[in-house]
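Undergrad: If you scroll down you'll find the structure; I have some questions about it.
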Amino acid sequence: MSNSSLLAPGSTLEKRYRILRELGRGGFGRTYLAEDINRYGERCVLKEFSPVVHSTKAEELFAREASMLYQLHHPQIPRFRELLRTDLSGNRSLFLVQDYIEGPTYEELLIARQQQGRSFSEAEVTQMLFQLLPVLEYIHSQNLIHRDISPDNIIQNNSDKLPFLIDFGSVKQIAANAVYQFSRQQDTAIGKQGYSPPEQMRLGKVSVASDLYALAVTILVLLTGNKPQKLYDSNSKTWNWRSRVQVSQNLGSVLDKMLAEQPRDRYQSAKEIRAALKDPKLSQISSILSQIMTVNFVGRPFQSGSQTASSKNPPAAHNHQAINNIRKGFKLVPWKAVASLSVVLLPGMLAFNLVTSGFSFPKLPELPPFPDAPASEFEIARQEKIGSRRKNLDIDKDIFYQKVDELFYNKYPELKGRTLTEKPEDAAIREKWYRVAEDLLDRLEKGERL
């Protein structure tokens, strides 16, 4: 662990991150819990990647490749904030800063249960699968593989009890590749012995099926309370777990297929597993989307002849021309997102809700994360976070969003007057605006003046 930096509690990095304690250490350096002084003491995690800074080119490659992590916006994935380059006692250091999730890991939960003579039930692990598989669907849709799924890399959030995926092995793989490319130091396979599939540990080959395999092993460990090494027969290359726990035939068959020795024999997507498990939310999606049209967008889509949408004068619920305009499309006016309009059409009911206090959208009950749908939970959560960060800085919303608007059009002048619909293919343009807003917030939180 050469060049790893030991930071004492109370020390501060870049006049912003105050170290609280060390969370752990590994081959790439130490991990710290810190508080963000510029964000009212909000807690965050600093993960060190010390080997990367041995080579300037390796550091540049790592920074470039790791940028893909900033594209991840899911309510069950800690947000990646920034790559922090700093100098510690004459040594260059590189930290990846991300949100801190308060709660125990599933490994800690299992240990606590074992002390009481029990483990997880079939109902509990089935619910866990229903909660985690959509997260993997999202990650894989972004062309990322986690690479390191295990009970100690899943946290149960204290606030809502949802499982969060942490410690992406893909980040470590990027770092290892960067070091190897420019130093030729032998890199090692990223993963966890017993949890990661054979092709990943032996050959470094990963796929969607690799993550699904590791998730199945995690489920078996939670069900049986046994380590993977006690459940897997390396001679016959089979998983012998059924004698240790009784589960339904369907769950057992699903787990066996997830654990197939050959990747081609496993499920090839998280959605396939959800269907095999008869995830009730899958049928709910089809039913809800056939009855409900939900449109959340950046900017105001229309001005009625008799009424202009505003916080003091919201559009009438019976404005059918407004609905037609929404369906046709709308002009992109990014900074006015603070007054975003949500339209929810239910059978027999039409209601409009104008939000004026920052990003806040009504959410459909029981509608699971659906990355390809308009107004996804990922986008709503991101909007709310931007509004919250702006409020914490005590910046007038109109001034802030006008500035973001200005920066956005300076960066993308070709988008002036661009007609934007609620269709998934237009999400990329909204993504660009969010990035401009978040980049401005990052700079303001570091002390830059508006």
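Undergrad: Quickly run through the range 1-36 and pick out the residues that are farther than 28 Å from LEU444 by Cα, of a type in the set (Ser, Thr, Tyr) and either modelled with pLDDT of 90 or more or out of contact with any strand residue (DSSP E or B) (no Cβ under 8 Å at 6 or more places or on another chain) (or both).
TA: Correct list: SER2 only.
Undergrad: Taking the conditions exactly as written (modelled with pLDDT under 80, surrounded by fewer than 17 Cβ atoms within 10 Å (Cβ to Cβ) and at positive phi), does GLU425 satisfy them or not?
TA: On the way: modelled with pLDDT under 80: yes; surrounded by fewer than 17 Cβ atoms within 10 Å (Cβ to Cβ): yes; at positive phi: no.
Spelling it out, it is not the case that GLU425 is modelled with pLDDT under 80, surrounded by fewer than 17 Cβ atoms within 10 Å (Cβ to Cβ) and at positive phi.
Undergrad: Tell me which of these HIS73 doesn't satisfy, since it passes every other one: (1) outside the structural domain of ALA216 (by TED's automatic domain parsing); (2) surrounded by fewer than 21 Cβ atoms within 10 Å (Cβ to Cβ); (3) out of contact with any strand residue (DSSP E or B) (no Cβ under 6 Å at 6 or more places or on another chain).
TA: It is condition (2) that HIS73 fails.
Undergrad: Residues ILE219, ILE155: which one is within 16 Å of GLN76 (Cβ to Cβ), of a type outside the set (Phe, Trp, Tyr), at pLDDT 90 or above and surrounded by 23 or more Cβ atoms within 10 Å (Cβ to Cβ)? Break it down into steps so the answer makes sense when it comes.
TA: On the way: ILE219 fails: within 16 Å of GLN76 (Cβ to Cβ).
Criteria check complete, one pass: ILE155.
Undergrad: Follow-up. Hey, can you tell me all the residues within the range 16-34 that are of a type outside the set (A, V, I, L, M, F, W, C) and in a strand (DSSP E or B)? Give the steps one after another, and end with the answer.
TA: Residues of the range 16-34 that are of a type outside the set (A, V, I, L, M, F, W, C), as a first pass: 16-18, 21-22, 24-27, 29-32.
Matches in the range 16-34: TYR17, ARG18, ARG21, GLU22, GLY24, ARG25, GLY26, GLY29, ARG30, THR31, TYR32.
Undergrad: Search the range 251-284 for residues being acidic (Asp, Glu) and closer than 27 Å to ASN240 by Cβ, and hand back the single one that is surrounded by the most Cβ atoms within 10 Å (Cβ to Cβ). Walk me through it before giving the result.
TA: At the first step, the residues of the range 251-284 found to be acidic (Asp, Glu) are 256, 261, 265, 272, 279.
Still in the list and also closer than 27 Å to ASN240 by Cβ: 256, 261, 265, 272.
On the way: ASP256: 15, GLU261: 13, ASP265: 11, GLU272: 17.
By that ranking, first place goes to GLU272.
Undergrad: If you don't mind, there's one more thing I want to ask. Report, ordered by the first and then the second residue, all pairs with beta carbons closer than 6 Å, sequence separation of six or more or different chains, a first member in the range 389-403 that is crowded, with 18+ Cβ neighbours inside 10 Å, and a second member that is basic (Lys, Arg).
TA: PHE400/ARG390
Undergrad: Can I ask one more? So in the range 380-395, with the set limited to residues that are over 19 Å from the mean Cα position of the chain (by Cα), assigned to a helix (DSSP H, G or I) and of a type in the set (D, E, K, R), which one is nearest to ASP442 (Cα to Cα)?
TA: Let us first name the residues in the range 380-395 that are over 19 Å from the mean Cα position of the chain (by Cα), namely 390-395.
Still in the list and also assigned to a helix (DSSP H, G or I): 390-392.
Now restrict to residues that are of a type in the set (D, E, K, R): 390-391.
Values: ARG390: 10, LYS391: 14 Å.
Across the range 380-395, the extreme among qualifying residues is ARG390.
Undergrad: Only residues that are within 30 Å of LEU144 (Cβ to Cβ) and of a type in the set (Lys, Arg): list them for the range 228-283, please.
TA: If the condition is that a residue be within 30 Å of LEU144 (Cβ to Cβ) and of a type in the set (Lys, Arg), then LYS237, LYS257, ARG264, ARG266, LYS271, ARG274, LYS278, LYS281 are the ones that fit.
Undergrad: Mind checking which pairs have a first residue in the range 32-45 that is under 16 Å from ARG21 (Cβ atoms) and a second that is of a type in the set (Phe, Trp, Tyr), Cβ under 6 Å, 6 or more apart or different chains?
TA: Qualifying pairs under 6 Å: ALA34/TYR17; ARG43/TYR100; CYS44/TYR100; VAL45/TYR100.
Undergrad: Let me ask another. Can you name the residue in the range 120-152 that is of a type in the set (A, V, I, L, M, F, W, C) and farther than 21 Å from LEU69 by Cα and, of all such residues, is surrounded by the most Cβ atoms within 10 Å (Cβ to Cβ)?
TA: Narrowing the range 120-152 to residues of a type in the set (A, V, I, L, M, F, W, C): 120, 123, 125, 128-130, 132-133, 135-136, 139, 144-145, 149.
Next, from what is left, pick out any that are farther than 21 Å from LEU69 by Cα: 120, 123, 125, 128-130.
Values: PHE120: 22, ALA123: 8, VAL125: 22, MET128: 20, LEU129: 25, PHE130: 18.
Per the stated criteria, the residue is LEU129.
Undergrad: Another question, if that's okay. Looking at ALA112 and the list (1) farther than 20 Å from TYR195 by Cβ; (2) modelled with pLDDT of 95 or more; (3) touching a strand residue (DSSP E or B) at 6+ places or on another chain (Cβ under 8 Å), which single condition is not satisfied?
TA: Checking ALA112 against (1) farther than 20 Å from TYR195 by Cβ; (2) modelled with pLDDT of 95 or more; (3) touching a strand residue (DSSP E or B) at 6+ places or on another chain (Cβ under 8 Å), the one that fails is (3).
The values are calculated or read from the model by the stated rules, or taken from the named source; none is laboratory data. For clarity, every value in this text was computed on a predicted model and none was experimentally measured. No Cβ is skipped: glycine too gets one built from the backbone with ideal geometry, and neighbour counts run over all protein chains shown.
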